[in-house]
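Here is the structure we will look at, set down as structure tokens.
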Amino acid sequence: QVQVMESGGGLVQPGESLRLSCAASGFSVDEYAVGWFRQVPGEAREEVSCFSPRYSIQSTGDSVKGRFTISRDSAKNVVYLQMNNLNLEDTGVYYCATDDVTWHCSGRPRFWGQGTQVTVSS
């Protein structure tokens, strides 16, 4: 079964950093694309960053460019989202997600984790 599970969220002050982890099972992060998304209550879920190993695609949303970086650890089968210089607008529930081998960070994937809360507050 294709499954992903997020961890690493928490409460931080503006300017601080967090690293989120997405543990993958049932597939290899060297073969499947994995994306990070976030959602604020009452607002649409937005793509934050995505990585496709097949085409070496790395995408980052405009609001987080220069601050967030996606990476993977093949041995651990984990995808990370390094979040630096966090600001209040980064608050939300962060999800990782994937799909079958034909998905390469375009459109909405089907397999989602449960989400991890990131709260940036002064």
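The values are calculated or read from the model by the stated rules, or taken from the named source; none is laboratory data. Just so you know, these numbers come straight off a predicted model, no measurement behind them. Cβ atoms come from the backbone with ideal geometry, glycine included; neighbour counts cover every protein chain shown. To get the accessible areas, we keep the full protein, side chains included, count just its heavy atoms, and leave off ligands, DNA and RNA. Shrake-Rupley method; radii C 1.70, N 1.55, O 1.52, S 1.80 Å.
Note on Glu43/Thr102: beta-carbon distance plugged into 1/(1 + (r/R0)^6) with R0 of 22 Å gives a FRET efficiency of 0.15. At full extension, Ser28 and Leu88 could sit 18.2 nm farther apart than now, given 0.36 nm per residue minus the alpha carbon distance.
Once you have a ≥ b ≥ c as the square roots of the Cα gyration tensor eigenvalues for segment 35-122, tell me rounded if a/c is under 1.5, and otherwise prolate or oblate according to whether a/b is larger than b/c. Prolate, because a/c is 1.5 or more and a/b exceeds b/c. Leu81 contributes an accessible area of around 0 Å² to the protein surface, as traced by a 1.4 Å probe with all chains present. Each eigenvalue of the Cα gyration tensor of segment 1-44, multiplied by 5 and square-rooted, gives one semi-axis; in descending order these are 25, 14, 9 Å.
Across the options Ser122, Ile57, Gly92, the greatest Cα extent toward the positive end of the charge dipole of the chain (unit charges at beta carbon of Lys, Arg, Asp, Glu) belongs to Ile57.
Rolling a 1.4 Å probe over the protein heavy atoms of the chain, with every protein chain left in place, gives an accessible area that is 46 percent carbon and sulfur.
Residue ranges 63-76, 25-38 sort as 25-38, 63-76 when ordered by packing (mean number of other C-beta atoms within 10 Å per residue, highest first).
Here's the picture: charge each Lys and Arg Cβ at +1 and each Asp and Glu Cβ at -1 in the chain, and of Tyr32, Thr69, Gln82 the one pushed furthest to the positive end of that dipole is Tyr32.
Averaged per residue, the chain has 52 square angstrom of accessible surface, using a 1.4 angstrom probe with ligands and nucleic acids left out. Counting 0.36 nm for each residue step from Ser74 to Thr119 and taking away their Cα separation leaves a gain of 13.3 nm. Averaging the Cα positions of each part gives two centres, and for segment 70-122 and segment 10-48 these lie 2 Å apart. Residue ranking by accessible heavy-atom surface, 1.4 Å probe, largest first, among Ser59, Ser17 comes out as Ser17, Ser59. Considering only DSSP beta bridges where both residues belong to the chain, give the percentage that are antiparallel (nearest 5). Here the antiparallel bridges make up roughly 90 percent for the chain.
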